[in-house]
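Colleague: Quick one: structure below, then a few questions.
We did not get these values from a lab; they are worked out from the coordinates using the rules stated. Given the structure is predicted, the values throughout are model-derived calculations rather than measurements. Here the Cβ positions follow ideal geometry from the backbone for every residue, glycine too, while neighbour counts run over all protein chains shown.
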Amino acid sequence: MALADYELLAARSFEEPHDADLRAAVLVCADALSQEGDPRGPLIAMEHALRDADPKRAIELRKAIHEHAATEASALLGGAALLLTANRTLVLDWRSGKLYGMTVDARYLPGTPKISAGGFVKQALAAPAAVDLRRLRVRVRNAEETRSIVDMLAKQERPPPLEELVLYTTVWPQHMSRTPQLVLEERYPNLYYVVFETRTLSLPPHGMLLHDPADHISAVASCDPPTTAPARAFLGRCLTNAHVELRLAALARVKQLGPQANVYEQVLCTLLQPGVATRPTDSSAPLLPLVEALIAVRPSRAGRDMLGKIASRPEYYDAAVRSLAGKATELDRR
């Protein structure tokens with residue numbers, strides 16, 4: 001196997017739906033990489049096993065991936081490998097042996113307290129494997145740490161192609177709001193999902209603040225599948241928009257695209273959390289299109305687990321939403 005073949009497949013896995021055929025092809029590369037002593041081979045094998053692992057096995061696999069990344073694959077992380085030795089500090093999401101996502105807990109800064117949250121995250125982003133990073137989540141304590149990270153990201157000489165940026169103080173956002181100004185737009189033009197502390201920011205679909213979001217509703221119905229960065233940004237911004245009609249149009253398009261829109265699985269799961277896409281006093285009926293979209297993208301076990309939680313929580317979801325989610329998880333219970 002030529003290294004170029006692996007690099008091509010890995011690049012495809014960041015752009016195209018990570019379906020069974022593509023995963024099988026990448027696994028063939030993983031075997032070849034393992035035979036050559038390349039640490040990416042075992043990483044890929046464990047990453048693929050994690051997708052549909054039961055909860056107990058998933059814990060074991062995450063621990064094994066963490067240990068492998070900190071030791072055998074430390075060259076992929078450079079100085080950031082040291083952060084893996086700090087308890088609860090850094091969690092990495094690998095795809096085809098490359099870093100797709102990174103979760104940093106800035107509340108547990110290792111070593112000297114003089115380092116800022118922004119400096120800490122900068123150290124993590126310096127990992128060679130983070131050059132293609134799409135998803136960055138950072139748990140912060142206050143607005144000062146949020147500003148520190150935003151300032152750092154604005155000054156990155158070689159910014160990663162981030163598409164999801166979550167700087168959060170609570171487990172999930174509490175409400176949506178339209179952004180009063182563009183945030184990091186020039187350096188990160190492909191962002192479509194942004195959370196600042198407790199707010200999900202509604203980014204304008206084409207980066208123009210003064211345009212009415214409703215102007216984009218007609219374009220969503222026939223927009224391109226999210227297999228390129230611009231297409232993911234447009235549909236993703238419509239999907240996470242506070243404008244209800246635009247969001248519903250985007251959900252209908254995601255449902256139509258099915259597995260081609262699987263890239264939005266985590267975002268859909270977040271929007272389904274109580275109070276994010278609807279106020280706590282509202283009926284949960286508007287969540288039906290979200291459940292339909294999540295089912296349509298053929299979610300991983302994590303997404304199916306979310307559907308199971310919805311089905312069992314009458315205090316948060318009405319009967320129609322719970323029934324639909326429950327039917328989607330019946331196969332997992334058999």
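Colleague: Would you mind computing, in nm to one decimal, how far apart the modelled labels at Ala252 and Glu72 are, each placed 7 Å from Cα along Cα→Cβ?
Modeller: 5.0
Colleague: Determine the distance separating the Cα centre of segment 120-137 from the Cα centre of segment 27-69; give it in Å without decimals.
Modeller: Centre-to-centre distance over Cα atoms comes out at 20 Å.
Colleague: Considering only Leu235, His175, Val220, whose Cα is most displaced toward the positive end of the charge dipole of segment 167-247, charges sitting on Cβ of Lys, Arg (+1) and Asp, Glu (-1)?
Modeller: Going by the charge dipole, the pick is His175.
Colleague: What is the total of Lys pairs in the chain with C-alpha atoms under 19 Å apart, excluding same-chain pairs fewer than 8 positions apart? Write out the running numbers ahead of the final one.
Modeller: On the way: Lys56/Lys309; Lys63/Lys98; Lys98/Lys122; Lys114/Lys122; Lys122/Lys155; Lys255/Lys327; Lys309/Lys327.
The number of close lysine pairs in the chain is 7.
Colleague: Also, I was wondering about something else. Rounded to the nearest 0.05, what FRET efficiency do Arg51 and Asp212 give with R0 = 51 Å and r taken as the Cβ-Cβ distance? Could you check? Before the final figure, lay out each step's value.
Modeller: Numbers: r = 40 Å, r/R0 = 0.78.
According to the calculation, E is roughly 0.80.
Colleague: So for each of 293-300, 73-80 I average, over its residues, the number of other beta carbons within 10 Å; can you give me the resulting order with the highest mean first? Write out the running numbers ahead of the final one.
Modeller: On the way: 293-300: 21.1, 73-80: 17.9.
Ranked by mean Cβ neighbours within 10 Å, highest first: 293-300, 73-80.
Colleague: Determine ³J(HN,Hα), in whole Hz, for all residues of segment 36-46 in sequence, where each value follows from phi through the Karplus function 6.51 cos²θ - 1.76 cosθ + 1.60 and θ = phi - 60°; x replaces Gly and Pro.
Modeller: Per-residue couplings from phi come out as 8, x, 7, x, 5, x, x, 4, 5, 4, 5 Hz.
Colleague: Mean shadow of the chain, computed from the convex hull of its alpha carbons, in nm²?
Modeller: Working: hull surface 68.4 nm².
Projected over every direction and averaged, the Cα hull of the chain covers 17.1 nm².
Colleague: Give me the net charge of Val254's neighbourhood, meaning all other residues with Cβ under 14 Å from the Cβ of Val254; Lys, Arg count +1, Asp, Glu -1.
Modeller: Charge balance in the 14 Å sphere: +3.
Colleague: Now a separate question. Which residue, Gly303, Gly236, Gly119, has the most motion in a Gaussian network model of the chain that connects Cα atoms within less than 10 Å?
Modeller: Among Gly303, Gly236, Gly119, the largest GNM mean-square fluctuation belongs to Gly119.
Colleague: Want the number for Glu292 to Val171: 0.36 nm per residue separation, take away the alpha-carbon distance, what's left? Could the numbers behind the result be given before it?
Modeller: Details: separation 121, 0.36 × 121 = 43.56 nm, distance 2.36 nm.
Extra length available between Glu292 and Val171 comes to 41.2 nm.
Colleague: Using the Cα centre as the reference, give the magnitude of the dipole from point charges on the C-beta atoms of segment 110-204 (Lys, Arg: +1; Asp, Glu: -1; all else neutral), rounded to the nearest 20 debye. Walk me through the intermediate numbers first.
Modeller: Values: 13 positive and 10 negative charges, 40 e Å.
Here the size comes out at about 200 debye.
Colleague: Given only helices, namely DSSP H runs of n ≥ 4 each adding -39500 (n - 2.57), what is the per-residue ellipticity at 222 nm of the chain, to the nearest 500 deg cm²/dmol?
Modeller: Working: 14 runs with 149 residues, N = 334.
It comes out at -13500 deg cm²/dmol, rounded to the nearest 500.
Colleague: Of His68, His216, His175, how do they rank once you tally other Cβ atoms within 10 Å and put the fewest first?
Modeller: Values: His68 16, His216 21, His175 13.
So the ranking, lowest neighbour count to highest, is His175, His68, His216.
Colleague: Distance in nm between label sites at Arg62 and Ser222, each 7 Å beyond Cα in the beta-carbon direction?
Modeller: Reported label-point gap for Arg62 and Ser222 is 4.4 nm.
Colleague: Hey, got the Cα dimensions of segment 34-159 along the principal axes, in Å, largest first?
Modeller: For segment 34-159, the Cα extents along the three principal axes come out at 44, 31, 25 Å.
Colleague: Could I ask something else about it? Under the 0.36 nm per residue contour assumption, what length would be gained going from the current alpha-carbon distance of Arg147 and Ile115 to full extension?
Modeller: The span from Arg147 to Ile115 would gain 10.1 nm if fully extended.
Colleague: Further, regarding this structure: Once amide H atoms are placed 1.01 Å from N in the peptide plane, what residues at a sequence separation of 5 or more from Val166, or on another chain, have their amide H within under 5 Å of its amide H?
Modeller: Leu136, Arg137, Val138, Val195
Colleague: Nearest 5 percent is fine: what portion of the DSSP beta bridges confined to the chain is antiparallel? Intermediate results must be reported in sequence, preceding the final value.
Modeller: On the way: 9 of 28 bridges.
DSSP beta bridges in the chain are roughly 30 percent antiparallel.
Colleague: Counting only residues 5 or more places away or on other chains, whose amide H sits under 5 Å from the amide H of Arg178 once H atoms are built in the peptide plane?
Modeller: Ser202
Colleague: Assigning unit charges at the beta carbon (Lys, Arg +1; Asp, Glu -1) and nothing else, what dipole magnitude in debye, to the nearest 20, does segment 16-168 show about its Cα centre?
Modeller: Working: 21 positive and 21 negative charges, 147 e Å.
With only Lys, Arg, Asp and Glu charged at Cβ, the dipole is about 700 debye.
Colleague: Ser13: net charge of surrounding residues, Cβ under 15 Å, Lys/Arg +1, Asp/Glu -1, itself excluded?
Modeller: Working: positive: Arg12, Arg23, Arg40, Arg51, Arg95, Lys98, Arg134, Arg135, Arg232; negative: Asp5, Glu7, Glu15, Glu16, Asp19, Asp21, Glu47, Asp93, Asp132, Glu163, Glu265.
With Lys, Arg at +1 and Asp, Glu at -1, the net is -2.
Colleague: Taking the Cα centre as origin and putting +1 on Lys and Arg beta-carbons and -1 on Asp and Glu beta-carbons, what dipole magnitude results for the chain, to the nearest 20 debye? Each step should come with its number before you reach the end.
Modeller: Details: 40 positive and 39 negative charges, 178 e Å.
Around 860 debye, computed over the chain.
Colleague: Under the Karplus relation 6.51 cos²θ - 1.76 cosθ + 1.60, θ = phi - 60°, what is the ordered set of whole-Hz ³J(HN,Hα) values for segment 135-151, x standing for Gly and Pro?
Modeller: 10, 10, 10, 10, 7, 10, 9, 7, 5, 4, 5, 4, 4, 4, 6, 4, 4
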